[in-house]
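Taking it in order: structure first as C-alpha cells, then the write-up.
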Amino acid sequence: AKEAGRARMTLYDPAMDADREERNALELDLRQAIEGGDLTLAYQPLIGADSNEMVGVEALVRWNRPGHGPVSPDVFIPVAETSGLIEALGLFVLRKACETAKQWPELKIAVNVSPGQFRNPAFTDYVRYVLRQTEIEAKRVTLEVTEGYMIQNPKRTRQSIEQLKTLGVKIALDDFGSGFSSIGYLRQFGFDRIKIDRSLIMDIEHSESQREMLKATVALASSLDIPVTAEGIETPEQADIASQFGCDTLQGFFFSKPVSADDITERLMEARA
Ligand code: C2E
Ligand code: CA
Ligand code: CA
Ligand code: CA
C-alpha cells in the first residue's frame, strides 16, 4: 500500500487533475444545456455559384455556456462524442434544423452528423422519425459526414448510406481534403456531394499548387458526376476561382457568417421582394 501510495505521489500532476476537472465540469454543463434546451442553431448560407443566390443553409450548433460565454463546437462536440451525449445533441440539431427549415421552402438544409451518430445502428430510424415528425421533404435535407469513421468501417458505412438514401435524404462528404481523403472512396460510397475543406481553399489566389490541387479535385468529382461545394470562401477572388473550376455551391464568410434563423428569413424576404 505504501508503494502504491508513493507511485501515486510521483505520478500526481496537478495540471492533469485540473484538466480532468474542467472536462468533467464542461460535460456536466453540456448535459444540462442539452436537457434544458439551451443549445441553439446558427445557419450559414450556401450560395449557388451561377445564380449568386442563397440556395440552402448549413445548420451549426451553438452553445453559450453559463459563466463562460460561447464555446466552439470543435471543443464540445468531441466531449459529447466521448460522454454519450452526442445522441441527444444530434437528435436536437436534426429536429430543430428540419423544423426551422420548413418555413424556407426554397432552401436546402444541411445538417452535420458526427461519427458517433452515424455509427449507431438506429441512426436511420431516428432520421426517418424526425422526417415524419417535422414533415419536411426528405430531398431537401443533406446530412454531412466526415470520412474518418468511413475509412475504418467501409462496409458498414456503405450500408448506412444506402439505408439513409432510401429515405430520400442526401449525403455529403464534409471536410474533403483535410485528411487522408482518397477520391477512390467517393465512388464506392455513393455520396451526393462533396464539400472541399477550407484548408484547400485558403491560399488558392496566391498558390499555383493549391489551385492545381483544387482544380484536379473538382475535375475528378465531376468525372464521377458528384457536385462540389467550396467551403471557407473569404474573398471575391476565391469565389471566382472556385466557381471557375466547377464548384456549383460556395460557402464562407465572404458571403455570410453563420446567422440566426430570423436573419435567414429576412434575407429570403429581401430576395423575394
Ligand atoms: P464544419 O462542418 O466544417 O462547419 C464549417 C465551420 O467553418 C463552421 O465553424 C463555420 O462557422 C466555419 N466557417 C464557415 N465559413 C468560414 C470562413 O469563410 N472562414 C472561416 N475561418 N471559417 C468559416 P463552427 O460553427 O465553429 O463549427 C466547427 C465544426 O464543428 C463544424 O465544421 C462541424 O464539424 C462541427 N459542428 C458544428 N455544428 C455541428 C452539429 O450540429 N453537429 C455536429 N456533429 N457537428 C457540428
Ligand atoms: Ca459541415
Ligand atoms: Ca466542413
Ligand atoms: Ca470542419
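The values are calculated or read from the model by the stated rules, or taken from the named source; none is laboratory data. No experiment lies behind these values; they were computed from the predicted model shown. Here Cβ is always computed from backbone atoms with ideal geometry, including for glycine, and neighbour counts include all displayed protein chains. Keep in mind that these areas ignore ligands, DNA and RNA; they rest on the heavy atoms of the full protein, side chains included. Shrake-Rupley method; radii C 1.70, N 1.55, O 1.52, S 1.80 Å.
Results, tabulated for the structure shown:
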| read-out | value |
| --- | --- |
| Environment charge of Ile196, counting only residues whose C-beta is closer than 9 Å and scoring Lys/Arg +1, Asp/Glu -1 | -1 |
| Difference of contour (0.36 nm per residue) and Cα-Cα distance, Met213 to Gln133 | 24.6 nm |
| Potential extension, Glu53-Met16 segment - 0.36 nm per residue separation minus Cα distance | 8.4 nm |
| Approximate spin-label separation Asp192-Ser72, in nm, with each point projected 7 Å along Cα-to-Cβ | 3.0 |
| Segment 13-126 - accessible surface per residue (Å², probe 1.4 Å) | 49 |
| Cα-based Lys pair tally, segment 123-219, threshold under 16 Å, eight or more apart or on separate chains | 5 |
| Antiparallel DSSP beta bridges within the chain, as percent of all bridges there, nearest 5 | 40 |
| Value of relative contact order over the chain, rounded to a whole percent, pairs C-alpha under 8 Å and six or more apart | 17 |
| Amide N of segment 121-140 lying under 11 Å from the label point, which is placed 7 angstrom from the Cα of Leu91 along Cα→Cβ | 126-127, 130 |
| From phi via Karplus (6.51, -1.76, 1.60), per-residue ³J(HN,Hα) for segment 50-65 in Hz, x at Gly/Pro | 7, 7, 6, 10, 5, 10, x, 9, 9, 7, 10, 6, 10, 9, 9, 6 |
| Long-range HN-HN contacts of Val259 with modeled amide H, under 5 Å | Tyr43, Gln44 |
| Potential extension, Gln103-Glu266 segment - 0.36 nm per residue separation minus Cα distance | 57.5 nm |
| Surface share of carbon and sulfur [accessible, 1.4 angstrom probe, percent] for segment 120-178 | 47 |
| Simple label model, 7 Å out from Cα along Cβ direction - Ala25 to Lys155, nm | 4.6 |
| Modelled FRET efficiency - R0 22 Å, Lys257 with Glu237, Cβ distances, 0.05 increments | 0.70 |
| Under Karplus coefficients 6.51, -1.76 and 1.60, residue-wise ³J(HN,Hα) of segment 160-176 in Hz, glycine/proline x | 4, 5, 4, 4, 4, 5, 5, 6, x, 7, 9, 10, 10, 8, 8, 6, 5 |
| CD proxy at 222 nm, helix term only [per DSSP H run n ≥ 4: -39500 (n - 2.57); per residue of the chain; nearest 500] | -15500 deg cm²/dmol |
| Integer Hz, Karplus 6.51/-1.76/1.60 couplings in order for segment 190-196, x for Gly and Pro | x, 5, 8, 6, 10, 10, 7 |
| Long-range amide H partners of Val55 with built H, under 5 Å | Leu46, Ile47, Gly48 |
